[in-house]
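A.B. asks: Please find one structure pasted underneath; my questions will follow.
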Amino acid sequence: MNKPAVETKPNIEVCDGNKAVAHAVRLSRPDVVAVYPITPQSAVGEWLSRWNDEGTLNAEVVRVEGENSSMGVCCSASLTGGRVFTGTSSWGLLFMMDGLHYAAGYRIPVVMTNANRETPGIFTIGNSSQDMWSVRDAGWIQVNVEDNQEILDAVIMAYRIAEDTDILLPMMVCYDGFYLSYRKDPLEIPAQDDVDAFLAPLKQSKRNIVTPDDPMVFGIPSFFPKDQGEGCTEFRYKHSAALERVKDKIDTVDKDFEAIFGRSYAGQIEAYRTDDADIVLVATGSVCGTAKVVVDKMRDDGVKVGLIKVRLLRPFPKEKIAKVLEGKKGIGVIDRSVCFGYHCGHLYMELKSALALEGLPTTLPTLNFIGGLANLDITVEQVETTINLTLAASKGETVEEVTWLSLEE
Amino acid sequence: MGKGYPTIAFYPEKCNGCNDCVEACAQIKTETSEPVHSRISVAKDPDDEFYGLSLCRQCGDPRCVMDCPARALTKNEDTGVVHWDETKCVNCQICTLACPYAGITYNRITDQVMKCDLCNGDPACVKACAPMALEYKIGAEIYNTWGDLEDLFVPGVGACLGCNSELIMRHTLRRIGPNTVVATPPGCIPGVGSVGVNGITSTKTPVFHPLLTNTASMLAGVKRYYNRIGRDVTMLALAGDGGAADVGFQSLSGAAERGEQMIFVCVDNEGYMNTGVQRSSTTPYGAWTTTTPVGEALQGKTRDAKPLPLLMVLHSCEYVATAALPFMEDFYMKLDKAIEASKRGMAFIHIFSPCPTGWRFDPSQLIEVARKGVETNMVPLWEYENDLGRINITHVVNEPLPVVTYLKSIGKYRHLSDEQLVYIQRKTDERFELLKKFTKESKLEGLSDAA
């Protein structure tokens, strides 16, 4: 077999988001990779298969017959001690729903990417955040990123977080399908040595694994409250507590990453021009790029507006967000998905909940804007609208709480 | 562990009660043909279907030897014969009460006990039996070959009375050994206790509880990791028919097609027994389950069972076999081959697994029910080896019993009408004919490409 080509220094390469994922996975040296195609992330598996064939990815690549099996392969290979990866999107993400709960419940550090896409029912091959939010209660760590360089960096960081013995939880790096998966940018591909050094601390981590050397059962039944019910409660509590620890961990890992690679994403959230802002937009994903441009433009026009880019979705960084929003006069939340049953967007519901839990005044004007469903662009003009309406609300004007952008009635 | 010896096997369905064996025994022991001197006898109550046998079983752990106060009875470690020493016997006859088989009896003429000594390895009764209801053979070769293997499963289990899954679990693990990772998806096998009891593991191998939907891919993930680090570990899935033929079929099919290296055992109890007897795709036609009730419109299941093992043959698995536990030697032979085949790809074993609880029959009849399933040809025992490219029937039933003899022994078929019985007989014959087409000349090479 060919020796893997080891980059000794960073390299600039024009990549789309899918290739960014593949580079990050290759550099993280996984043992077992499961691939299955689904638009818009199929190229991830194509690159990994090709590099595996060429010898630059020295892993077992399993070309499974469906996403439920890709999650199965990853869970068990990780449970056996391996580093694993799979990628999916939308229908595929939902088809591995039992596997998602399995991975989280067993505290298996699977690293996965999801190219955000609309979910089945209304057949669309387009972006939204509907899939990503639909699985937010599976117990995973979820981050959502803004651009292709961040995809690459976030996947490498995901291994450091997921496999950390303080955490031991599966982690999903979400990126906007279509917008990022197919957009090409010049990316800095890190040097292999640097990635090896960054991931080196994980070599110390020990976890219970499936091995004949130390036979163990994975899957204690929890039928009888007296014997196992308390065990289940204990496991659930520990799982939830581990998720809480992710908040600090992601900030620390971000700093470690910056020390080696010179790039930082500010951990849980990125607060963009919020310090002196009166009103703040809250968004996640690729729309944050557009939002930053509009914030800059409105700032030039004298509007004191800022942006919170929410990177960490699970656990939800409510403390950090509330700290930034304290004393602000108005908030506008941009959503790319619909939280059914609340008739608003998911991020909005999460944010309202966070504000209440963190004791911010319930009178704080807070608006929600739903747009960008099924690949509709969230345009500069639409973001301007969100700012203008939030500004109006902050000044006491009556504004509809939830605005569906691009809705033709 | 011990040793298996030659002994006299009895086939009740072949016995016609002619008593030639009795005369032959008396003749060789006393040179008279007086039945009173015979060490063997056959008898039948008017209500019984078959004759019963009274004869010494030359037990491995004989009660007569244990209970003899004079040490007149001993087990010969070389021949296996339980030997009666006339010179030590005090004629207390306790042995005749201790023996559960009427294998040692009191002879009122000689005023002594008497018992079979296997005629020094050439029993007269066997030679005299024209219908060949008696056979002198080693009944426990398997015991001699595998008896010393360690039982890797916990002694106490949570199985129903007469559960076949426990037998499967013990024997499969025993043969495959401790260098194995076991996957037991939701179903009876975890219910029996494979995934532990009260937080403690029940097996001496690592065992995990995969999803019902993706057992084969989860096991593949373990194997792939071991391949990656260059370690040889055997993979064993013990899944029910739901986890193999129904919701688990996609991952099984995918893993088989990819040639994932594992032994996948389907414990086919013909339905969802662990959830309370619901139908599955392997539930046979006519069978009662809670979701194929017997009532006004329905008379049990209306569709035939999915022929899963044949489907696995068509996946070009390295090895495919059917098994039933009354034929334990056959099963162990197949496990042997499966272990080897699983180093190259998938080995699939489909075990016919009658369930006293879900099928409604007496737990004591487990082995007999399974045996009738095989001997009616409803469950043919065969194997497929990829390199030979054909199916080989490993237990040929020369004169198959009518399916009704099997069906009437099971409660879930109690309601069957004559039409349904005729249908099942016809389908059984058709299926067996189809199976035969895959044997001998019919090479399967290239079959998957032809589709």
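All of the numbers you see were taken from the coordinates with simple rules; none came from a lab. Keep in mind it's a predicted model, so treat the numbers as computed, not measured. A quick note on method: Cβ atoms are made from the backbone with ideal geometry, for glycine too, and the neighbour counts reach across all protein chains shown.
A.B. asks: Largest first and in whole Å, give the semi-axes of chain A's equivalent ellipsoid, each being the square root of 5 times a Cα gyration tensor eigenvalue.
C.D. replies: Here the semi-axes work out to 35, 25, 20 Å.
A.B. asks: With equal scatterers on the alpha carbons only and no solvent term, can you work out the Debye log10 of I(q)/I(0) for region A:19-161 at 0.09, 0.11, 0.16, 0.20 1/Å?
C.D. replies: Evaluating at q = 0.09, 0.11, 0.16, 0.20 Å⁻¹ gives log10 I(q)/I(0) of -0.23, -0.35, -0.78, -1.28.
A.B. asks: Now for a different question. Using 7 Å Cα-to-Cβ label points, what is the residue B:257/residue B:161 separation (nm, one decimal)?
C.D. replies: Here the answer is 4.6 nm between the modelled labels.
A.B. asks: Where does chain B land at 222 nm, in deg cm²/dmol rounded to the nearest 500, when only DSSP H runs of n ≥ 4 count, each adding -39500 (n - 2.57), divided by all residues?
C.D. replies: Values: 17 runs with 142 residues, N = 451.
About -8500 deg cm²/dmol.
A.B. asks: Here's another thing I want to ask about it. I need the calculated FRET efficiency for the pair residue B:415 and residue B:14, taking r as the beta carbon distance and R₀ as 35 Å, to the nearest 0.05. Mind showing how you got there, number by number?
C.D. replies: Numbers: r = 31 Å, r/R0 = 0.89.
In this case the efficiency is close to 0.65.
A.B. asks: Follow-up question, since we're still on this one. What GluC sites (Glu not before Pro) in region A:336-386 are in a loop by DSSP, with at most 16 other Cβ atoms within 10 Å of the Cβ?
C.D. replies: Hits after loop and neighbour filter: A:358.
A.B. asks: Another one. In the protein assembly as shown, how does Rg compare with the Kirkwood Rh, expressed as the Rg/Rh ratio over alpha carbon atoms?
C.D. replies: 1.12
A.B. asks: Mind giving me the nanometre distance, one decimal, between the label points for residue A:182 and residue A:406, set 7 Å out from Cα along Cα→Cβ?
C.D. replies: 1.3 nm
A.B. asks: Work out from phi, with θ = phi - 60° and the Karplus expression 6.51 cos²θ - 1.76 cosθ + 1.60, the ³J(HN,Hα) of each residue of region A:100-110, listed in order in whole Hz, and give x for Gly and Pro.
C.D. replies: 4, 5, 4, 4, 6, x, 8, 6, 9, x, 6
A.B. asks: Here is a follow-up. Provide Rg over Rh for region B:149-450; use the alpha carbon set for both Rg and the Kirkwood Rh (inverse mean inverse pair distance).
C.D. replies: A ratio of 0.95.
A.B. asks: Across 5 Å bins from the origin, how do the percents of Cα pairs in region B:7-142 run, short distances first?
C.D. replies: 2, 10, 20, 23, 21, 15, 7, 2, 0
A.B. asks: Can you list the chymotrypsin sites (Phe, Trp or Tyr not before Pro) in region A:307-409 that are in a DSSP coil and have 12 or fewer other beta carbons within 10 angstrom?
C.D. replies: A:340
A.B. asks: At 7 Å along the Cα-to-beta-carbon direction for both residue B:231 and residue A:137, put a label point, then send me their distance in nm to one decimal.
C.D. replies: 3.8 nm
A.B. asks: Residue A:216 to residue A:357: FRET efficiency via 1/(1 + (r/R0)^6), r the Cβ-Cβ distance, R0 35 Å, to the nearest 0.05?
C.D. replies: Values: r = 38 Å, r/R0 = 1.09.
Rounded to the nearest 0.05, the efficiency is 0.35.
A.B. asks: Give the distance, in whole Å, between the Cα centre of region A:268-299 and the Cα centre of region A:77-110.
C.D. replies: 33 Å
A.B. asks: Related question: With every atom except the alpha carbons ignored, what do you get for Rg and Dmax of region A:197-306, in angstroms?
C.D. replies: Rg then Dmax for region A:197-306, in Å: 22.4, 68.
A.B. asks: Based on Cα coordinates alone, diagonalise the gyration tensor for region A:267-409, multiply each eigenvalue by 5, take square roots, and list the semi-axes in whole Å, largest first. Each step should come with its number before you reach the end.
C.D. replies: Details: eigenvalues 72, 65, 49 Å².
Largest first, region A:267-409 gives 19, 18, 16 Å.
A.B. asks: Over all pairs of distinct alpha carbons, what does the Kirkwood formula give as the hydrodynamic radius of region B:74-156, in Å?
C.D. replies: Value: 15.9 Å, from the Cα pair sum.
A.B. asks: As an exercise, identify the trypsin sites (Lys or Arg not before Pro) in region B:250-327 lying in DSSP coil whose Cβ has no more than 13 other Cβ atoms within 10 Å.
C.D. replies: Those satisfying the criteria are B:303.
A.B. asks: Please compute the alpha carbon radius of gyration of region B:257-412, then divide it by the globular-protein estimate 2.2 N^0.38 Å. Two decimals is fine.
C.D. replies: Numbers: Rg = 16.1 Å, N = 156, 2.2 N^0.38 = 15.0 Å.
For region B:257-412, the normalised Cα radius of gyration is 1.07.
A.B. asks: Would you mind calculating the gained length between residue A:63 and residue A:204 on full extension (0.36 nm times residue separation, minus the Cα-Cα distance), in nm to one decimal?
C.D. replies: Full-extension gain reported as 47.7 nm.
A.B. asks: Continuing with this model, one more query. Given chain A, what percent of its DSSP beta bridges are antiparallel, to the nearest 5?
C.D. replies: 25 percent
A.B. asks: When the Cα centres of region A:112-177 and region B:270-345 are compared, how far apart do they sit, in Å?
C.D. replies: First find each Cα centre; the distance between them is then 40 Å.
A.B. asks: Additional query: With each run of n ≥ 4 DSSP H residues scored as -39500 (n - 2.57), what mean residue ellipticity at 222 nm is computed for chain A after dividing by its residue count and rounding to the nearest 500 deg cm²/dmol?
C.D. replies: Working: 13 runs with 161 residues, N = 409.
Computed ellipticity for chain A at 222 nm equals -12500 deg cm²/dmol.
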